[in-house]
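Comments concern the structure below.
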Amino acid sequence: MDLPKYTGTIHPEEWVKQVQIYCYLKGIENEENIIKFSKLMIDSTIIIPNVNEINSFEELIKALKLHSTFSIYKNSCKRKLQLIKYIPEQEDVTTFLATFRSLCVEISDHKEIITMLINSYSNYFFKDEFIKRVEGINSVDEIFKIFSEVVTFDESKIIIKFGTSIALKHVATGKYLSSYNVNYLTGSGQRVVFAGEELPDRNALWHVTCNNTNHNYQHYQHCTYDDSFYLTHKETGNKLYISTTHKSPTTGQLEVSCRNNEARSLNWINTNTTNNNAPYVKAKDVITLKYGDYIFRSHDFTFTIGNKTFQEVVCHKERIGGNDEWQIEIV
């Protein structure tokens, strides 16, 4: 371990701790000597007034905080906090929160910390649940604990309800069922439907709407595998539609589009062979989507409109295979 130099890129209190650890490891325990070493390790471009009169760690930390480099450091941390994103596929929540804590050490407003945590994770289920659970909480430690609990919650226990916002991940390619404010150049000329990004964005959000008019189904009632439903695109309000007369742009199978005045009644099919008798549709279930005798499929075939390339989504009557599987996610 090298004796760390102070350059204004670390919090003064953390830097002093590192100097102390270094000195203790080297058998230097006299506070006066450690303070002398500390002052010598301040970068020569950082001029501390009356540095020779500093005789304690508290005075040293105070002097470093009064220097302009500390304001620059705090502003830099604030910018990083505004941009930081929690991506569970890339790091665990422990690592994320350790980084987050180190950046917000000078922030005392718990509401500001809550806001930045909310903005760090794009999952809509998380946002709703986190906001509910931190209401009235002003302990920063408790806020971090709640964040950890919410983001690591086992989504497979969540039953899908009508009105729920979901994303459908194409299992074979990892891309999400999406729509976009662009029309097909072939077929119906309606809004395109495609398998989009590998992380769900606003183009990949759908509402599940029940079309069962016989059982007085309520908004947010649990979905079962016996229910028929519509998928409504959250961004545009258009409904998923399968054309039995128009062909898809690349493979010539049935075209899938979004329309604002027409919809097709869909059904879930549970493809989990070990639990295919489960009555309720849950997050993380792997399913196929069915309209009558037709099955939704995506594959590696693409089509281009303007300068944008889309992964095709179609319907077919062929044998069900791996390209027909979708995983439900709460967003």
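The values are calculated or read from the model by the stated rules, or taken from the named source; none is laboratory data. Predicted, not measured: the structure shown is a model, and the values here were computed from it. So basically every Cβ, Gly included, is an ideal-geometry build from the backbone, and we count neighbours across all protein chains shown.
General observations
- Test for residue 236: is it in contact with a Lys or Arg (Cβ under 8 Å, 6 or more places away or on another chain), surrounded by fewer than 17 Cβ atoms within 10 Å (Cβ to Cβ) and at pLDDT below 95: yes
- Any pair with Cβ under 6 angstrom, 6 or more apart, that starts in the range 64-76 at a residue that is in a helix (DSSP H, G or I) and ends at one that is not small (Gly, Ala, Ser): 64/12; 65/12; 69/46; 74/106
- Residue within the range 83-100 that is of a type in the set (Gly, Ala, Ser) and over 21 Å from the mean Cα position of the chain (by Cα) present: no
- All conditions in (1) free of Cβ contacts under 8 Å to residues at least 60 places away in the same chain; (2) in the same structural domain as residue 117 (by TED's automatic domain parsing); (3) part of a loop (DSSP other than H, G, I, E, B) hold for residue 28, with the sole exception of (2).
- Residue that is surrounded by the most Cβ atoms within 10 Å (Cβ to Cβ), among those in the range 46-56 that are in a loop (DSSP other than H, G, I, E, B) and touching a helix residue (DSSP H, G or I) at 6+ places or on another chain (Cβ under 9 Å): 54
- Counted as qualifying within the range 269-331 are the strands (runs of 3 or more DSSP E) with 2 or more residues that are closer than 16 Å to residue 255 by Cα, namely 286-291, 294-305, 308-316.
- Selection of the range 78-134 for residues being modelled with pLDDT of 90 or more, surrounded by fewer than 18 Cβ atoms within 10 Å (Cβ to Cβ) and hydroxyl-bearing (Ser, Thr, Tyr) yields 94, 95, 99, 102, 115.
- Scanning the range 284-328 for residues that are crowded, with 20+ Cβ neighbours inside 10 Å and in contact with a helix residue (DSSP H, G or I) (Cβ under 7 Å, 6 or more places away or on another chain), we see that the one that is nearest to residue 200 (Cα to Cα) is 298.
- Condition met for residue 302 (in contact with a strand residue (DSSP E or B) (Cβ under 8 Å, 6 or more places away or on another chain) and within 23 Å of residue 227 (Cβ to Cβ)): no
- Within the range 239-249, none of the residues are surrounded by fewer than 22 Cβ atoms within 10 Å (Cβ to Cβ), part of a loop (DSSP other than H, G, I, E, B) and among the small types (Gly, Ala, Ser).
- The range 252-274 residues that are on the phi > 0 side of the Ramachandran plot, paired with ones that are surrounded by 13 or more Cβ atoms within 10 Å (Cβ to Cβ) and of a type outside the set (S, T, N, Q) (beta carbon under 9 Å, 6 or more apart): 252/314
- Qualifying residues in the range 286-331 (those that are touching a residue at least 60 places away in the same chain (Cβ under 8 Å) and acidic (Asp, Glu)) - the one nearest to residue 222 (Cα to Cα): 329
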